[in-house]
Each structure stands twice: as C-alpha cells, then as structure tokens.
1. Place a point 7 Å from the Cα of residue A:103 along the Cα-to-Cβ direction; which residues of region A:61-78 have their backbone N under 13 Å from it?
2. Taking the DSSP beta bridges in chain B as the whole, what percent of them are antiparallel, to the nearest 5?
3. Given the options A:322, A:175, A:60, state which has the largest fluctuation in a GNM of chain A using a 10 Å cut-off (strictly under) for Cα springs.
4. Does anyone have the angle between helix A:163-174 and the longest principal axis of chain A? Alpha-carbon axes, 0 to 90°, nearest 10?
5. Where both residues lie in region B:73-185, what percent of DSSP beta bridges are antiparallel, nearest 5?
6. Report ³J(HN,Hα) in whole Hz for each residue of region B:145-154, in order, from the Karplus equation J = 6.51 cos²θ - 1.76 cosθ + 1.60 where θ = phi - 60°; Gly and Pro get x.
7. Running a GNM on chain A with Cα contacts under 10 Å, which residue among A:169, A:265, A:371 ends up with the highest mean-square fluctuation?
8. Just to be sure I understand the model, the point goes 7 Å from the Cα along the line to the Cβ. What's the resulting residue A:183 to residue A:227 distance in nm?
Amino acid sequence: MQGFRFISDVFRSACINWGYQEVRTPVLEYLHLFTATGTLTPAMLGRVYSFLDWDGWSGERVVLRPDGTIPVVRLYIDNMRGQGIAKLYYVTQVFAFEGTGREDRERWQCGVELLGDARTASDVEVISLAMDVWNGLGLENVELRLSHTGVIRAIVGQLGLEKEEEARLLVRLLEGDRSALADVKARDAASERLLALLSGSGRKSGFLANLKTAMPSANTELKASLDDFARLCRLLDTVGISYVIDLSTAPGFEYYTGVCFQFWLGGRKVGGGGRYDRLVPLMGGGDVPACGFAIYMDPLIDLIEPKARKRSDQGVLIRGSEATDQAVRTCFDLARSLHNAGCVAEVDFSGRQETGLRWTIAVPAAGTPLLITDRIQQKQKAVKSVAEAVNIVGVAA
Amino acid sequence: MRLALPKGRLLAPTAALLKAAGLDFADYSEATRLYNFTCTSFPGITAKMFQEKDIPVQVAVGNYDLGICGRDWVEELLARYPASRLVKVAELGYGRAGIFVASRSGATAPRSTCRIVSEYPNLAETYAINSRLRGFKVFPVWGAAEVYPPESADYVVLRGDGEDELAAKGLTAVARLLDSSACLIANADAWETRDLSRVLERFNNIRMVVEEKSATNAPAVSVNGKSQWRDDAVWLALPDGHQKEPTVAFLDRCGVRLKGYDLKSDARRPSGEWIDAKVIRPQDMPQQVANGNFDIAITGRDWLTDHLARFPSSPVEMRLDLGFGRVRIVAAMSQDLPVRSVADLKKLIAEGRLSPLRVCSEYVNIADKYLWENRLSPCRLIPTWGASEAFLPDDADLLIENTQTGKTLERQRLGIIDVLFESTACVIGSKNSPQSAIKAERIGKLLEMFRRGLER
C-alpha cells in the first residue's frame, strides 16, 4: 500500500499543481454506456464483468467499470458541459477478465482528462503533467513513444484493401495486435512501402518530414494527420521533452482520433493516452475535443525505488512496562498530545525492543518519571510530565 | 468411460451412428423411458441421455468424458465461457442446420435499443457486440423464439435449416452466425490424460447415410413486417407443452373464444375479437410480462416464483390462481443416502461427506435462494434444461424439481427431503398500468371472465 499511496500522492500533487480537479465515478455502470459504437472494441467487451442487476428484468445489464475515461466523459456531459474547458483527474480501479492468471483483473489507474481544448498545446500539457509525475517518483528512464491514429488510419486507407479487410486490419492495429501487418498482402510497391512505415520507428520530428516527402501520393487526410503529428513533435522539442516515434504503438481504444502515446519503463508499459476528439460527440455530448492519459499503478509499484516506500523514522514509541491505570492514562495522554503536535506516536505494552523509530518514551507503572531516549543523537533524559516530554520530542521532530 | 448422448431431434441418427460404429447402447432409442445405458459391446462404457443443451456443460465440468450434441450448443457455451474444458473432436455430419440472426420479413431496423430473443443468449450477445449495436437487450427464452418478432422482439437468433424455412415462418435472415451439425466433444482433462482411443477410433470411417433434407415445400408466408397487434387489444401469452391441454379446456369454460388455440393445431398466433395472443413457453412469460410485451399470461406459479427470486423488484404479480396443473416443488436426493430431511443433509455436509454439494435444477433462481436460505454451503449449482431427475446420483446430489404424483422421482430411486411450495397454473399481469383506458378495461373484463370460469 505504501507504494500505491506514494504514487497516488505524487500524481495528485502534480494534477493539483496544473490546476486539475478530482472526480470519482461509480464502480457499477450500465453496460450500454460502453457498447455504443466506437467506445470499446468487441475484444475488450468480451472480457468485461457484466451481469443482470437485481432489477435486470428489463434485460439491462450492468458492468464493473472496464475503462476510466468513458465514465468521466459521461460525468462531464451530464454536469459540466456549459463550463468551457474542464481539467479532471481520478485515481480509480478498472476491471477486465484476464485468463493467464499473471495479471490482475482489478487494475488501478491514475487518469487525467482535458476536455474542451483542441489545441496541440493541450496535448503537450498532459504529457508535461505525466513527466512531472515521473520526476516526482524519481523515475528518470521513462520512454515516451508517440504515434498517431489519424496517420495509421490514413495509411491503412491507402493500402487498397477491400472494405471489410481494411476494417478488420484497423481494429487489430488499434488493439495493439502487431501481427496484423504480417497477414496483409501488399498490392504494389507503394503499398509495401506504406506497410513498412506502419512497422518501423524513427526518432525525431525530422522522421515525419522525411515520411511526407517520401510519399508524394499521400492524400489530404494523410498529409493533414502528418502535419498534426509534426506540430506536436515540434512543440515537444521546444519544451524539451524527448520521445521516440513508433507508428506501431497502438492506443488500444477505438475512440482515439489523433496523437496517441505510451510510457514504457523497464520493458513494461506504465501508461498511455492521446487525443480522442470523437468520444464526446459519440456519447451525445456535442462537438467537444478531448485528450488525456492514464498511468497504470500496478506495474509501477514494482518499479519505484524501495527507499521511496520506507516508513517515516521520525516517530515516537511510547513504551509502557505495565498496564496500570496510571501508566495507561499517561501513555494515552502522551499519544494524544504528540498527535496534536503532528508527530507519529505509537503506544506499546508488549515490551517489544525493535522500533525503527527515533524516539522512545518509557513510562513506568506509576506513570512518572518519563525516560526519553533519542536514538539518533544518542541522548537520554528523564522528565516528570507529559508537557515536558512533548516539548522535547515535538520540537525536535 | 462415460458418454453423454442427446435426446430429441438427434436421438435417432445418433443411435444409428453408434450402432454402425459398433458402440451399441441397448435401449437408447426414441421409445425409451430410461436415461442410463450400458454399451453392449464394451461393458465398461456407460452413457446417459440429456437435453442437447446440457451436454457441453456436463462434458466441460468433467462428469462425462465424451458427448454428442449439436455444435450450436457447444458454441453457445464457449461464447460465454471460452476457457471451458472442452475439446471438439470431430464433426459427425448429420443434424445439419444453421444458426441465423433473423427479423420479421419486411420489418424496418429498430432505431434505438433493439430487443433480441434467443435460446442462444450468449451467441446473441456476441453478435450484438461484434455488430456494434448501440443499444441492445438480450432476452433468453426456452423456446418458440420465432413467434416473438416483430411485436415482442426486433431480432431472433435461432436454428434453422435454411433461409427457405425461415421465410416459411415469416422471417428473413440478417446474418448466418454458424453452421451446426452433430459433433463429438471430449472433456479436455480426459483428452489430455486418458487413453480414449479405443472408443474414438470407432468414429473413423463410419459411412453414415445422411438423408439430405429436401427443400421445404411450404411457400414463404406472406407477412407484413409491421406489428400485427392492435394497440387496444389485450396482449395475451398462452402456454405450449403439457400446460396447453388444461388451458384450452379452461378458456373454453370461461367462454373465451380464441381462433387457433386448440389441441389440433400448432398455430402460435391465436386471436380473438379483442385479444391478440402468442403461444410461448411458460418459463419465459414472467419476464415478457414485466417488459410490457404482454399484458396477461397463463403460466405456473413456479416460474413466477423463479423470476421473482431473481428480480424481486419486478412489476410482475399473480392476478388469479387457476388451481389446475397442481405440482409440488421439492428437494430430492438419492434414496441410497442417509438423508430424509434438510437437517440430515446439513449433518452430512458438516461431516464433509458432500463437499461441494452438487445441485441441479431447471429452477436456477429458486434453487439458489433455497441454498443460501438454508445455509447449504459449499455448493455448486448447475442449471439444466430438462430431465433433471436423471442427474442423480452420479452427476448431482440434490435436485430441486417439480413433481405431480412422485412416480418419476420414485422410478429414479429418489426421495423427497423437503417440499418448498405448491405450484398451480396462474394468470400473471404487470403492476405497471396499461397504455390505454380501453386496454385496461378489456384486461379487467378478461380477468372477470377467468374468475367466473373458475366458479363454474
């Protein structure tokens, strides 16, 4: 839990610093919120925990929240639509069945949604927020991988495939199925080059400019997506955030429309997000652009430094040798006063020797005198009253 | 080695196949009243007969090593539980059919939430999700799916021989989900660890004379895609199966004239002067009435109780107890166990003798409630679609079943340890008010006719 709290504390501070507001959505939602076209893929829907509620005689199914973004967007549509730009964050768990037994079926996420602003600067903002979180967690090697669903769609559209095959390929690519490319037969040399692009990766924005010139037959859709992608890369260069362009990076959700990105550390994906301007309109909320990301807490807990997780060693152990009425009263008085002074103070009658805490206050059966030991300064002092003890310990702590 | 064999439409061809394979099971024939069989050529092999829909479940949980059933039921189970411990060993080539998604011929596609009715609810839901239907509700039914559209459903997922057969029922196929035929399945653990080859090799090289079904001669029914029902008529659901005969007699006694609901015909859309009716399965009626697809239905108190056990806030209620079709809903166990009461059963469980307690029932919700009310735990509840008394003692320990005379239970050497309640035929309606004053008046009038019929 310490790792969890550390991550969520750093995340919340970063969000508050950027002016974001915390929201919470229910664990139990109606399934139809997620089945509408363009929200969750059939593969994901095949793994949700859905069931008939106690009032499910109408055939309406409920589901344990399988995704964090869609409920937040619903919350925005129901409560915040007229208010302009909304900057929201949440710490929440999502549920998905997973058959190997190696992953959790209940996964915690720290998520951010920025609704109402289509400017590329917003994409940079959410990415910067994420970088603040990595810095706060002491993680220096997090890799940002960028892709663009518009570019992927446009490239697939130019492969000259049958409509059905095209749709299937797109779904597989967007779900992250990299083997999907191997199954496609290129129609001609140009298509072969396009296919190669989908599986390759480059480094900086120059790569995109090279791409654009290498494809004179690119249609307007592809050109527009490439320009959009290049604009983000330029801005990231400007603010000094490094990244890798990898077109095979997939968002995993069909509602992404523009740039999408993933965070990788130690060979594991620790976060992902992007722009999804189509989601709010699909959910009936009107033409509202949106972008955001989520950080996956479970893999992160294993990856953060152990020292970040250690207990505070500044606290006090109030040790009573015998639980007489006087001793009990003194111990609890001490505890209350120290707590009021903002100290961690633990009461113990079991006589345990290992404390890991800086201070020990030994309370005898009679309740007084109190022997204070400072393990760090290697000093000891006897005092007569609770007030004196609190003065010594509270001040130094 | 244990085999699960189908009853119903696959029985005759399966018996023929087994005979041709040299795996003859005496008495496994259409006239049989038995459920358990032994193989005459291989005495170590036994078989039990089940409803087709039960077979994939029984094989997957390991009660049976091999099973023969339609591939449609296997896919129905796998659609919801893809990790089921099942292996599809071979297609057997007979009993061919297709699973179709169909709608009423000529009906327009629904604009918002579409209602899908099916005996294959898992296949239906998979279809809805893959087709990106924005809003959909799947209603599982025990049968008669084809009669629901267009008034009570927008789509049905059903088995059919082909598009001609569907057309003869007034339905048009929207999609073909899969081709089904009889298939041989095995339990995955048995397949992976035991040597089943001496039985399996019998299925190779069988030359089955498969009679190809001739194209149906019935012409396509010319239907109107729109609702045939009148807004102000009473929408009535009538039972098929063994409840039909006493219901026909009762309606006659009440003076309720319905054209098409009699013992001679199989018609599914009877109607009267101000009544529009459909003949459907009694199990499905409570949910259909709750959803407003029907105003009034004649079903049994057992199915009403089962529905309310699952959905306590449902608006369905009993309007009239009709008194006929009296059965008791009982808990039964094998007479070979030292159990004569629920207290005895609890003692046996506490001793660790039945752990987990395996329970089977068609009344899944009544059984579930009974088990937790009586603190019978740990237990495993397996739903079944018929012939539940055959499950004991090999495949289940406790049965929740209806019994009229008790003879069927006696024949299977089962003893009643508890009586849950008594069930009779009844009329059910919804607490939600009807859409029009005329309809409300007519519903009242029909109920009055029923009441007077009871007094006669």
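1. Counting backbone N atoms under 13 Å from the label point, the list is A:67.
2. The antiparallel fraction comes to roughly 65 percent.
3. Of A:322, A:175, A:60, the most mobile in the Gaussian network model is A:322.
4. Helix A:163-174 sits at roughly 20 degrees to that axis.
5. 65
6. Karplus-based 3J(HN,Hα) across region B:145-154 equals 4, 5, 8, 6, x, x, 5, 9, 7, 9 Hz.
7. Residue with maximal mean-square fluctuation among A:169, A:265, A:371: A:371.
8. Each label point is offset 7 Å from its Cα along the Cβ direction, giving 3.5 nm.
None of the figures in this text is laboratory data; all of them are computed from the coordinates on show. Since the model is a prediction, treat every value here as computed from it, not as a measurement. Counting neighbours? That spans all protein chains shown, and the Cβs are built from the backbone with ideal geometry, glycine included.
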